[in-house]
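Chemist: One structure follows; several queries about it will come next.
The values are calculated or read from the model by the stated rules, or taken from the named source; none is laboratory data. This structure is a prediction, so every number in the text was calculated from the model and none was measured. Cβ coordinates were reconstructed from backbone atoms using ideal geometry, including for glycine residues, and neighbour counts include every protein chain displayed. Heavy atoms of the whole protein, side chains included, go into the accessibility calculation; ligands, DNA and RNA do not. Shrake-Rupley method; radii C 1.70, N 1.55, O 1.52, S 1.80 Å.
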Amino acid sequence: MDENNNENTQHKNPFFEPYGTPHDTVPFDRITIADFEEAFIEGIRRDNEQIEKTINNPEAPTFDNTIINKDDDSEGYYDLLSRVSTVFFNLLSAETNDEMDALAQKIQPMLTQHANDVRLNPRLFERIRKVYRKHRKLTPEEKRLLDDCHDSFVRSGALLDDEGKERLRKLTEEASMLSLQFSQNLLKENKAFQLHITDSSQLAGLPETAVEAAAAEAAQEGKEGWVFTLDYPSYSPFMTYADNRELRRQMYMAKNTECMHDNPENNIDICKRLVNLRRETAQLLGYRTYADYVLKRRMAGKRKNVYKLLGDLIYAYKPTAVEEIKKLTLYAKKLEGIRFKPEPWDLSYYSHKLKLHTYHVDAEMLRPYLELGNVIKGVFGLATRLYGITFKENPAIPTYHPDVKAYEVFDADGAYLAVLYADFFPRKGKQGGAWMTQYQGQWIDRKGENVRPHVSIVMNLTKPTPEKPALLTLGEVETFLHEFGHALHGIFANTRFESLSGTNVWWDFVELPSQFMENYAVEKDFLSTFAFHYKTGEPLPDKLIRAIVKSRNFMAAYSCLRQVSFGLLDMAYYTKREPFAEDIVAFEKKAWAKAQVTPQLPDTCMTVQFSHIMAGGYAAGYYSYKWAEVLDADAFSVFKKEGIFNRETANRFRREVLSKGGTEHPMTLYKRFRGGEPTIKALLRRNGIRQKTKKQA
């Protein structure tokens, strides 16, 4: 993307005309910073113009002239604004810079004000309400769209009086800006830290891949020696393998004190304010807490159901987690002496040693067999085997960075299905973590054409070095499979309305397709299709595969409770009824105490870097990962019974779940695939947890 204003008077804003690219994909190479701002302003103007046409329509309100002209008219309501917003905010996460960040600060208030202008427009809502009360016979999908549309206006304050609407505007505008500031602060803090090593003795214990990557990072920075960062592919191996305990401590503290320092990137007050803004918003709309507001449109439904899930998991997993930590501590003391006291920066280090001692396998043993090119073939090949779809890289499709690959996806019958972008490696302007997004959704237009989606998966995997290609850990393969599962949810979308297609489902259902795919990472018949040594071509030895399978539940209970603790923390913030004025650090430690099995450091804080619940849309919804894990374990048990590559079972999953989007209630879709509701039993079996009955306990 061109970051500079184009002085050429012949330059045309790409957002204002058909892109003229393969499948009308985004022409990243032709977009300038100035194009974004111009398109945002024009997009808002066109939206307002269309709204005026709608509310001034002399005809009686109908589903067709009031509801769907906002949703599936590619020439109208949301088109331009949607196009530019999608591209801009996706790049703000994946490839930002100072100019983009500054523009975001300028644009965000305009967009929030515009969204409020739409949702709080009394004349527009009156037409929608009339349709909601009286309409022609609708298809189930049309009825779902009407219900969602009406509900979204109500949940956005359409029924408030003028004073309430004005207050809501202020609350949402402030929350929008603070969420943006939170993310920008976290990115800056993450990229600001470097552990620069010039003494090779301090590299003791680190695998060759980590050392080579650190050397490449240093060279890129113009420094001698080795540079380690807080990006996962650098941070995780360092914490797992580095013998130097003091340096592990430094890395750990840097990671776990991000956005706590006395500098402009401190997020403590931002978090407090966001919690209060969301609480006040929910209460203004008639809910006791923000969690009650959120859960009204979730499978869980009520707070008690979330707490029941989290409580059941604590009850089932905590005894095993306590034993896991006890064994780990004893092993560390065996190695270091009886007086040794493990600290949080020791957990990954001694976990690795214990796992190696017990199962004779670790991540580095697998790396040579998990070269990224082969993993891509394996993951794509899995989709081919399950669903018959194929992938073909197309270099003619523009991308926003040289690291990004663009693929055309074709269905089993050869028909074009989607575009898939894959962005694999960390870099300066990219947020940490991994996610799936879209540059174009799927819908069926008024002419009956099925507009196919442009899906993107973004990750931060191990980068290639001058010495080696990108060699992944099994955990990184799981991450790839996870995001690819989300991608399939988008790729297979087949609904009439874009707002109901693909991943536009309730958030405690959206993780089912992604977590389902993770199950394949430890299946021998899947690994054998692509896990070959990058030098010799030899397949991953059966001995290592058996070790992988045996070790899959190593520290599984501890890992489960870690996720549960995040869910408890999330719920603690968003079930507050009174203004939040407590110390964030102390509150955090108390909130998740029931799920903790290791000592907590008083001077670290998760909240200030917890993007999911502060800026990522998972506020009062982080439990969704565990909720969906129950679903994915239950769903995969069907495949285990019928065959993990069974095409008929896979097509049923595609037909009943992946293609339906949000057109029906998630449990209706799941039961149609499964034949019944899920239980926690499959998850307990998968994790090797033997639960006592409550009468026995």
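Chemist: Give the accessible surface of segment 49-178 per residue, rounded to a whole number of Å², with probe radius 1.4 Å and ligands, DNA and RNA excluded.
Modeler: 47 Å²
Chemist: Rounded to the nearest 500, what is the chain's calculated 222 nm mean residue ellipticity when only DSSP H runs of at least 4 contribute -39500 (n - 2.57) each, over all residues?
Modeler: -16500 deg cm²/dmol
Chemist: Next question. Using a 1.4 angstrom probe on the protein heavy atoms only, line up L159, L203 by accessible area, largest first.
Modeler: Largest accessible area first, the list is L159, L203.
Chemist: Taking just the alpha-carbon atoms of segment 436-518, what radius of gyration and Dmax come out, in angstrom?
Modeler: 15.6, 54
Chemist: Can you give the extra length, in nm with one decimal, that the chain gains between D413 and S201 once fully stretched, where that is 0.36 nm per residue apart less the Cα-Cα distance?
Modeler: Value of the extension gain: 70.5 nm.
Chemist: Classify segment 588-697 from the C-alpha gyration tensor, please: rounded if a/c falls under 1.5, else prolate or oblate depending on whether a/b exceeds b/c.
Modeler: Judged from the Cα gyration tensor, segment 588-697 comes out oblate (a/c at least 1.5, b/c at or above a/b).
Chemist: While we're on this one: Within the accessible area of the chain, what % is carbon and sulfur when the probe is 1.4 Å and the other protein chains stay in place?
Modeler: The nonpolar share, carbon plus sulfur, comes to 50 percent.
Chemist: For I644, I613, give me the order by solvent-accessible area with a 1.4 Å probe, most accessible first, ignoring ligands, DNA and RNA.
Modeler: Result, largest first: I644, I613.
Chemist: Separate question: Enumerate the lysines that K302 could reach by cross-link, defined here as Cα to Cα under 19 Å, with residues fewer than 8 away along the same chain left out.
Modeler: By straight Cα distance, K302 reaches K576, K626.
Chemist: Residue by residue, what Karplus-based ³J(HN,Hα) values in Hz, rounded to whole numbers, does segment 349-364 have, using 6.51, -1.76 and 1.60 with θ = phi - 60° and x for Gly and Pro?
Modeler: 5, 7, 4, 4, 5, 5, 5, 5, 5, 7, 10, 6, 8, 8, 4, 5
Chemist: Let me ask you something else. Taking the alpha-carbon distance from K640 and a cut-off under 16 Å, which lysines remain once sequence neighbours fewer than 8 residues away in the same chain are dropped?
Modeler: K640 reaches K524, K681.
Chemist: If packing is taken as the average number of other Cβ atoms within 10 Å across a peptide's residues, how do 160-170, 423-433 rank, most packed first?
Modeler: Packing order, densest peptide first, comes out as 423-433, 160-170.
Chemist: For H261 paired with L138, estimate the spin-label separation in nm (one decimal), with each label point 7 Å from Cα along the Cα-to-Cβ line.
Modeler: A separation of 5.2 nm, rounded to one decimal place.
Chemist: Please list 3J(HN,Hα) in residue order for segment 477-484, calculated via the Karplus relation 6.51 cos²θ - 1.76 cosθ + 1.60 where θ = phi - 60°; whole Hz, with x for glycine and proline.
Modeler: 5, 4, 4, 4, 4, 4, 5, 5
Chemist: Of the labelled options (i) -0.49, -0.84, -1.65; (ii) -0.62, -0.99, -1.45; (iii) -0.59, -0.93, -1.29, which one gives log10 I(q)/I(0) by the Debye sum over Cα atoms at q = 0.07, 0.09, 0.12 Å⁻¹ as computed for this structure?
Modeler: So the calculated entry is the one marked (i).
Chemist: Here's something else I'd like to know. In whole Å, how far is the Cα centre of segment 561-616 from that of segment 414-480?
Modeler: So the separation of the two Cα centres works out to 31 Å.
Chemist: Then there's this: For segment 634-677 and segment 142-194, write down the distance between their C-alpha centroids in whole Å.
Modeler: Computed from Cα coordinates, the inter-centre distance equals 33 Å.
Chemist: Lys/Arg Cβ at +1, Asp/Glu Cβ at -1, dipole of the chain taken about the Cα centre: which of L138, M260, V306 is farthest positive-ward?
Modeler: Value computed over the given set: V306.
Chemist: If you don't mind, another one. Pop a pseudo-label 7 angstrom from the Cα along the beta-carbon direction at both E664 and K326 and give the gap in nm to one decimal.
Modeler: 4.8 nm
Chemist: Run the reach check for K170 against lysines, Cα to Cα strictly under 20 Å, same-chain hits fewer than 8 apart removed. What comes back?
Modeler: K106, K272
Chemist: Something else now. If you place +1 on the Cβ of every Lys and Arg, -1 on the Cβ of every Asp and Glu, and leave all else neutral, what size is the dipole of the chain about its Cα centre, to the nearest 20 Debye?
Modeler: 4000 debye
Chemist: Then there is this: How many angstrom lie between the C-alpha centres of segment 283-331 and segment 492-548?
Modeler: 26 Å
Chemist: Let me ask something additional. Not counting ligands, DNA or RNA, and with a 1.4 Å probe, what is K334's accessible surface area in Å² rounded to the nearest 10?
Modeler: 150 Å²
Chemist: A further question follows. Considering only protein heavy atoms, with the full assembly of protein chains and a 1.4 angstrom probe, order Y623, Y416 by accessible area, largest first.
Modeler: Largest accessible area first, the residues go Y416, Y623.
Chemist: Measuring with a 1.4 Å probe in the full set of protein chains, what accessible area per residue, in whole Å², belongs to segment 436-588?
Modeler: Averaged over the residues of segment 436-588, the accessible area is 35 Å².
Chemist: Once you put a point 7 Å from the Cα of K106 and another 7 Å from the Cα of K428, both along the Cβ direction, what distance in nm separates them?
Modeler: So the label points at K106 and K428 sit 2.2 nm apart.
Chemist: Taking the Cα centre of segment 159-302 as origin, sum charge times position over the Cβ atoms of Lys and Arg (+1) and Asp and Glu (-1), and report the length of that vector in debye to the nearest 20.
Modeler: 960 debye
Chemist: Additional query: Would you kindly find the accessible area of M110, with a 1.4 Å probe and non-protein molecules such as ligands, DNA and RNA excluded, rounding to the nearest 10 Å²?
Modeler: Per-residue accessible area (M110): approximately 60 Å².
Chemist: So, one more: Averaged per residue, what accessible area in Å² does segment 201-328 show with a 1.4 Å probe, protein chains only?
Modeler: For segment 201-328, the per-residue accessible area is 43 Å².
Chemist: With r defined as the distance between the Cβ atoms of L601 and K130 and R0 fixed at 60 Å, what FRET efficiency is calculated, to the nearest 0.05?
Modeler: For L601 and K130, the calculated efficiency is 0.55.
Chemist: For Y670, what accessible surface area do you get with a 1.4 Å probe? Give it in Å², rounded to 10.
Modeler: That residue has around 0 Å² of solvent-accessible surface.
Chemist: Within segment 105-136, list the residues whose amide N lies under 17 Å from a label point set 7 Å along Cα→Cβ of N48.
Modeler: 107-124
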